[in-house]
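Nothing in this text is a laboratory measurement; each read-out follows from the coordinates by a stated rule. Model, not experiment: these values are computed from the prediction. Note that we place each Cβ from the backbone using ideal geometry, even for glycine, and neighbour counts take in every protein chain shown.
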Amino acid sequence: MRIMAFDYGTKRIGIAVTDPLQIIATALTTVHPEKIWDFLSAYLATEQVETFVVGKPLQMDGSASESAQHVTGFVRKLRKTFPGIQVVEVDERFTSKMAAGVIAQSGKKKSKRQEKGLLDTVSATIILQTFMETKF
């Protein structure tokens, strides 16, 4: 069974998944928030997911950031829509900076590095990797 991670944003949601053995975290795609529920229903029709991991936006002092309310609503709906799948929130404070660093070092052309969707999927992958490292 896979683990799926989300970097939630009001314009795009970055999504990453593990392989079925939960060894490797891979960037999957970005989806507009209005289309996430159709995307998840279609994905879950063909793949088994045991855990959803959602990046929780926090301030440097650990308090909730302005975007936290959107993530809270997303997490609530995930739990209600897919009650058989565990939902875990993880601190995402440094994932965007880490993702930007990974992309900069990737050797991709500047135009590709500036794609916002790439940053979101790499951020989701880092969120997933962080969860996997703390899980084992």
Phi to ³J(HN,Hα) by Karplus 6.51 cos²θ - 1.76 cosθ + 1.60 over segment 74-82, Hz, x for Gly, Pro: 4, 4, 4, 5, 4, 5, 6, 6, 10
Gly9 long-range amide H proximity, modeled H, under 5 Å: Gly14
Amide H contacts of Asp91 (H built 1.01 Å from N, under 5 Å, at least 5 apart or other chain): Lys56
Distance (nanometres) between label positions extended 7 Å along Cα→Cβ at Trp37 and Gln69: 2.0
Computed label-point distance, nm, for sites Ile23 and Ala45 using a 7 Å Cα→Cβ extension: 3.1
